[in-house]
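First the structure, in the form of structure tokens, and then the observations on it.
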Amino acid sequence: MPESDDRTRAHVFVSGTVQGVYYRANTRDTARELGIDGWVRNLPDGRVEAVFEGSEDSVSEMVEWCHTGSPAAEVEDVEVEYGDPEGEDGFRIRR
């Protein structure tokens with residue numbers, strides 16, 4: 001069965017105080033609650049990178065969530081690029 005056309009992909013870069021504050025774990029938990037596929041990881045430059053695939057509504061909600069993130073995070077900026085889903089399955093933290 002082909003995937004419905006309302007699925008989208010967001011590639012996100014989050015900057016600020018977002019490492020060492022459970023940002024990835026909270027991202028994973030929130031994405032799973034929303035039924036989003038993809039991954040999240042820390043980058044060497046201090047940012048967090050994530051990919052979200054799912055319904056447009058869920059992905060939009062997840063991107064909005066990134067602006068706040070985990071309770072201990074201090075998000076300064078969120079860069080987002082939207083595109084076509086690439087078939088992510090499940091949501092995981094990449095090391």
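The values are calculated or read from the model by the stated rules, or taken from the named source; none is laboratory data. Everything numeric here is computed off the predicted structure, so don't read it as measured data. Backbone-built Cβ (ideal geometry, glycine too); neighbour counts: all protein chains shown.
Computed values, structure above
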{"item": "Entirely in the stretch 6-95, the strands (runs of 3 or more DSSP E) that have 2 or more residues that are among the acidic types (Asp, Glu)", "result": "48-55, 74-83"}
{"item": "Verdict on Ser70 being hydroxyl-bearing (Ser, Thr, Tyr) and modelled with pLDDT under 95", "result": "yes"}
{"item": "Pick from the stretch 19-64, criterion of a type in the set (A, V, I, L, M, F, W, C) and in contact (Cβ under 8 Å) with a residue 60 or more places away in the chain, ranking: farthest from Arg7 (Cα to Cα)", "result": "Ala25"}
